[in-house]
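Working notes, beginning with the structure itself.
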Amino acid sequence: MIRENGTAKDIQIAYIGGGSMGWAWGLMSDLAAEKQLSGTVRLYDIDSEAARRNEKIGQLLQKNADVKSHWDYRAVDSLQEALKGSDFVVISILPATFDEMEVDVHYPEKYGIYQSVGDTVGPGGLVRALRTVPMVVEIANAIKNWSPDAWVINYTNPMTLCIRTLYEVFPKIKAFGCCHEVFGTQDLLKSALADIDGIDAIHRRNIKVNVLGINHFTWLDKASYEGRDLFPVYQKFVDKYYDTGFEKTKKGHWMNDFFASANRVKFDLFKRYGIIAAAGDRHLAEFCPPWYLKDPETAKSWMFGLTPVSWRKENLVTRLEKSKRLLSGEEVFELAPTGEDGILQMKAIAGLGDFVTNVNLPNYGQISNLPIGAVVETNAIFSHNSVIPVQAGSLPDDVQSLVYRHVVNQETTLRAAFNKDKNLAFRAFANDPLMTANIKDAWQLFSDMLKATKEYLPGWDID
């Protein structure tokens, strides 16, 4: 990387999962729109053909008249080739395939256990974690060997256990995890301010928040706009829309979009605990007892949907078709900002100005009543070659009790994955709040799910 005249040139980015037709295209778009950065993106994927498609798409993007910076995209055949000499490493992988995710999400339904996402907690989140950990171990060892000084940005779920594994394998790694869930809550607070007091905060970043918790189960105990406390505003907003829900887009949109909600879960959690739950309702619901996920009808009453893996499979076909159109020139790559903070984080680390945003890091004491070393989500200060977590304080005792159970389960899952210990993994599986099946049925479900994903669990004793 070369810094000169307020720019950073010749930045080397290793993209692991570089065949992605989601995050990768978003990164391409954000990089193309950032005039202060330029360099090379090396795309590595176990599906090498997918990486080569993205190489061609990235090169074609340079011909777009709206592009403000130059980036070379190059598909590579090994982790070593991707990582050597890199300044940044982006991890965005799908742990296994949607066939395995279908097991994660839908097998538990046989026992009356429903999951709205199935990638972080619940039975599906745990099994996904077991097969993700060995993949991240391989990546962490590769980074340790070939790019130990690179900054590592993880987007893969389960976020907490990906970051926890990276640091377990390579304690000196410079890694953090990015998630946009808090951004949506800042937008909701912006809407509340406009709806209740008629004030336009312009951009979500003007809503200042203190973030505490773990990924997808984050909380805000402070929120302000130009020094004004927003909690009284949010209280009025919640009271106004508790029964009907609130949607920024067309009312009822949540019924037609698997990723949308009417925010009623957030509103209910605020009434229960007095602080603001700061993630999408689909994620928040999975961390709680089955208050919101007793069955599909209950989820519907709370105005959010269960995302079927069949939709993800159909969407994959749609994206493959789009990839072909981009390669043939039938469709032009449209530059559209993702709203993610990844590029701003890179700029700050490159020395182009300080920046504060929420990220996932090991707990060095930034949350005082969660275990040291566990991965937590708080704000952090980004500056030249530095990411320092902000001291966020402590969670209220009642909220801490909800969060702590998941921290314990995640740590237990990590130990089980490293030791290939089926009995230990089952203890975490059975201890999840969504696990309402009796212990015999829980063991049968656990065994069936492991069998369905055993291709990704080498060394495990799976019948």
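Where a number appears in this text, it was derived from the coordinates with a stated rule and is not lab data. What you are looking at is a predicted structure, and each value in this text was computed from that prediction instead of being measured. Please note: Cβ atoms are built from the backbone with ideal geometry, for glycine as well, and neighbour counts cover all protein chains shown.
Here are the numbers:
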{"read-out": "Sites A65 and K110 - FRET efficiency at Förster radius 45 Å, r taken between beta-carbons, to 0.05", "value": "0.25"}
{"read-out": "Amide N of the stretch 389-404 lying under 18 Å from the label point, which is placed 7 angstrom from the Cα of S368 along Cα→Cβ", "value": "389-401, 404"}
{"read-out": "Point-charge dipole on Cβ atoms (K/R +1, D/E -1) for the chain, about Cα centre, debye to 20", "value": "300"}
{"read-out": "Extension gain, I381 back to N145 (0.36 nm per residue minus Cα-Cα distance, nm)", "value": "82.2 nm"}
{"read-out": "P(r) of the chain over all Cα-Cα pairs, binned every 20 Å from zero, in whole percent", "value": "24, 59, 17, 0"}
{"read-out": "Shape box of the stretch 141-207 [Cα atoms, principal axes, largest first, Å]", "value": "55, 21, 14"}
{"read-out": "Extended-chain gain in nm, criterion 0.36 nm per residue less alpha-carbon gap, W443 and D47", "value": "139.1 nm"}
{"read-out": "Equivalent-ellipsoid semi-axes of the stretch 360-459, from the Cα gyration tensor, Å, largest first", "value": "32, 18, 10"}
{"read-out": "Cα lying deepest toward the dipole's positive end in the stretch 335-463, options G393, L434, M449, charges on Cβ", "value": "M449"}
{"read-out": "Unit charges at the beta carbon, dipole of the stretch 163-232: most positive-side option, T185, N215, H203", "value": "N215"}
{"read-out": "Relative intensity, log₁₀ I(q)/I(0), of the stretch 97-201 from a Debye sum that treats every alpha carbon as a point, q = 0.11, 0.22, 0.23 Å⁻¹", "value": "-0.51, -1.05, -1.10"}
{"read-out": "Reachable lysines from K190, criterion Cα separation under 23 angstrom, eight or more residues apart if same chain", "value": "K208, K222, K236, K240, K248, K250, K251, K266, K271"}
{"read-out": "Residue-averaged 222 nm ellipticity for the chain, from DSSP H runs of 4+ at -39500 (n - 2.57), nearest 500", "value": "-13500 deg cm²/dmol"}
{"read-out": "Inter-site label distance for N206 and T436 at 7 Å from Cα along Cβ, in nm", "value": "4.4"}
{"read-out": "Longest site-free stretch - the chain; sites: GluC sites (Glu not before Pro), DSSP loop, at most 15 other Cβ within 10 Å", "value": "1-225"}
{"read-out": "Extension gain from Q235 to I199, taking 0.36 nm per residue of separation minus the Cα-Cα distance", "value": "11.3 nm"}
{"read-out": "Antiparallel content of DSSP bridges confined to the chain, in %, to 5", "value": "55"}
{"read-out": "Antiparallel content of DSSP bridges confined to the stretch 1-106, in %, to 5", "value": "15"}
{"read-out": "Estimated inter-spin distance, E226 and S394, nm [label 7 Å along Cα→Cβ]", "value": "3.6"}
{"read-out": "Normalised per residue, the volume of the convex hull around the Cα set of the stretch 68-126 (Å³)", "value": "149"}
{"read-out": "Sequence ranges 56-62, 5-11, 424-430, ranked by mean other-Cβ count within 10 angstrom, highest first", "value": "424-430, 56-62, 5-11"}
